[in-house]
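The values are calculated or read from the model by the stated rules, or taken from the named source; none is laboratory data. No experiment lies behind these values; they were computed from the predicted model shown. Note that each Cβ is placed from the backbone with ideal geometry, even for glycine, and that neighbours are counted across all protein chains shown. Heads up: the accessible areas ignore ligands, DNA and RNA and are worked out on the full protein's heavy atoms, side chains in. Shrake-Rupley method; radii C 1.70, N 1.55, O 1.52, S 1.80 Å.
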Amino acid sequence: IPYRVPPDDQLPERLDSVLAVVYLIFNEGYAATSGDTLVRRDLCDEAVRLGRLLARLMPDEPEALGLAALMLLHDSRRRARASESGELVLLENQDRNLWDRQRIDEGKSLLDRALRLRRPGAYQIQAAISALHAEAPHASETDWRQIAALYATLERCMPSPVVRLNGAVAIAMADGPDVGLARLRSLEEGGALSAYGPFHAARADLLRRAGRFAEAAVAYRRAIELSGSAPELAFLRRRLHETQLEDG
């Protein structure tokens, strides 16, 4: 389809819509919401292709550059995100030797170009968070305080319960699970994420880290009820089993 630049007064709105659609395609590929496969490579590859194309067509649009950077940095971890049996592997447990350094370098280069334009936006902030993960040689060396600060910045420009959830997890990794659980309490009481599986999975993990195994098991069961992905279900069921053994 030939690309036609819309009138200047329509560009921001049109661009936001285009970027959002591309990112939705990528997200469904990166973490499929249903089925037997964690990653849909065809969707990831197409979204990355479109992101690169948008970055080339609009080299002075920082959010187009930011989205391309974000997808490349996320996608660099593709090979490490599932075990040989297809089960989900958390970021902290991934073999970082499997990460695609070429994609990381390309993503960081695009992010640098975006930041030099001095018009920060949500995709650039998310790409900066992903870059911090990519720069850590080991999970234990992740700069969680900086990541938590970036989530606080992201919440100011894109307020949402999901952003608050991710920020709470980052704070928990920096300051301990009890601090993170306190942050999650307001989300739990508000009910905004009551039907959102990742919220219950995150809460279960923090409860497990805090040694509150009976509560963690309840949260894992709720996350299992809400999951439609076979690889994610396998992971959650294993964690539930481990948690029940700890509680026993």
Just one listed residue, out of Ala148, Ala202, Ala219, Ala223, is in contact with a Lys or Arg (Cβ under 9 Å, 6 or more places away or on another chain), under 18 Å from Glu92 (Cβ atoms) and part of a helix (DSSP H, G or I), and it is Ala223
When segment 14-47 is checked residue by residue, the ones that are assigned to a loop (DSSP other than H, G, I, E, B) and among the hydrophobic types (A, V, I, L, M, F, W, C) are Ala31, Ala32, Leu38, Val39
Within segment 109-141, the residues that are outside any helix (DSSP H, G or I), open to solvent by less than 40 Å² (accessible area, probe 1.4 Å) and either in contact with a Leu (Cβ under 6 Å, 6 or more places away or on another chain) or under 18 Å from Leu15 (Cα atoms) (or both) are Gly121
Would you confirm whether or not segment 171-185 contains a residue that is buried (at least 22 other Cβ atoms within 10 Å of the Cβ), hydrophobic (A, V, I, L, M, F, W, C), in contact with a helix residue (DSSP H, G or I) (Cβ under 7 Å, 6 or more places away or on another chain) and more than 27 Å from Ala223 (Cα to Cα)? no
Checked Asp36, Asp105, Asp16 against criteria (at pLDDT below 95, among the acidic types (Asp, Glu), open to solvent by 10 Å² or more (accessible area, probe 1.4 Å) and farther than 29 Å from Arg209 by Cα); the one match is Asp16
Picking from Leu50, Leu72, the residue that is modelled with pLDDT of 95 or more, closer than 14 Å to Leu19 by Cβ and in a helix (DSSP H, G or I) would be Leu50
